[in-house]
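Single-structure report; data block below.
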Amino acid sequence: MEILGTTLRICVDDLDAAVAFYEQLTGAEAQRSDRGGVSVAAVGCFLLMSGPAAELDVLRKVTATVAVPDVDEAAQVLTGSGGRVVAGPVATPVGRNLIALHPDGAIFEYADRRPTA
């Protein structure tokens, strides 16, 4: 499985203030979306998330997002290597993702940019 990159996940109280900081830090413009009551802004390699505490508590358990060419392939490699897919694959605004539990207990999101029908 090819890993294309990783995104660092950061939960913030004030998304607008965080976006301003990370846009200045990275020189990249934020791409914003909302999902499940959580407002999200992708800025460079950072994924900023803000929303209800109960939602953020779940999101904080995911260590990072790993970009891959195909989440179906990632699922096969993960399960064949002793990992477990705990959610997904599901469609997102930019592709598909899944959540996986590694044998060491770490939780990662795997995401691709493949359009869904």
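Take the range 60-71 and flag every residue that is of a type outside the set (Ser, Thr, Tyr), within 28 Å of Gly37 (Cβ to Cβ) and open to solvent by less than 50 Å² (accessible area, probe 1.4 Å). Talk me through it step by step, then tell me what you get.
As a first pass, look at the range 60-71 and keep what is of a type outside the set (Ser, Thr, Tyr): 60-62, 64, 66-71.
Still in the list and also within 28 Å of Gly37 (Cβ to Cβ): 60-62, 64, 66-68, 71.
Answer for the range 60-71, where residues must be of a type outside the set (Ser, Thr, Tyr), within 28 Å of Gly37 (Cβ to Cβ) and open to solvent by less than 50 Å² (accessible area, probe 1.4 Å): Val62, Ala64, Val66, Ala67, Val68, Val71.
Do we find a residue being surrounded by 14 or more Cβ atoms within 10 Å (Cβ to Cβ), over 14 Å from the mean Cα position of the chain (by Cα) and over 19 Å from Ala42 (Cβ atoms) anywhere in the range 103-110? Give the steps one after another, and end with the answer.
The first filter runs over the range 103-110 and keeps only residues surrounded by 14 or more Cβ atoms within 10 Å (Cβ to Cβ), leaving 107-110.
Right, trim to over 14 Å from the mean Cα position of the chain (by Cα) and you get none.
The answer is no; no qualifying residue exists.
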Within the range 18-39, the count of residues that are at pLDDT below 95, touching an Asp or Glu at 6+ places or on another chain (Cβ under 7 Å) and surrounded by 13 or more Cβ atoms within 10 Å (Cβ to Cβ) comes to 1
With the checklist (1) in contact (Cβ under 8 Å) with a residue 40 or more places away in the chain; (2) surrounded by 16 or more Cβ atoms within 10 Å (Cβ to Cβ); (3) assigned to a strand (DSSP E or B) in hand, flag the one item Ala74 doesn't pass. (3)
Between a first residue in the range 48-59 that is open to solvent by less than 20 Å² (accessible area, probe 1.4 Å) and a second residue that is small (Gly, Ala, Ser) and assigned to a helix (DSSP H, G or I), which pairs have beta carbons less than 7 Å apart while being 6 or more apart in sequence or on different chains? Leu48/Ala18
With the condition kept exactly as written, say whether any residue in the range 81-96 is β-branched (Val, Ile, Thr), farther than 18 Å from Thr7 by Cα and surrounded by 15 or more Cβ atoms within 10 Å (Cβ to Cβ). yes
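The values are calculated or read from the model by the stated rules, or taken from the named source; none is laboratory data. Here the structure is a predicted model, which means the values were calculated and not measured. Note that each Cβ is placed from the backbone with ideal geometry, even for glycine, and that neighbours are counted across all protein chains shown. What goes into the accessible areas is simple: the full protein's heavy atoms, side chains included, and nothing from ligands, DNA or RNA. Shrake-Rupley method; radii C 1.70, N 1.55, O 1.52, S 1.80 Å.
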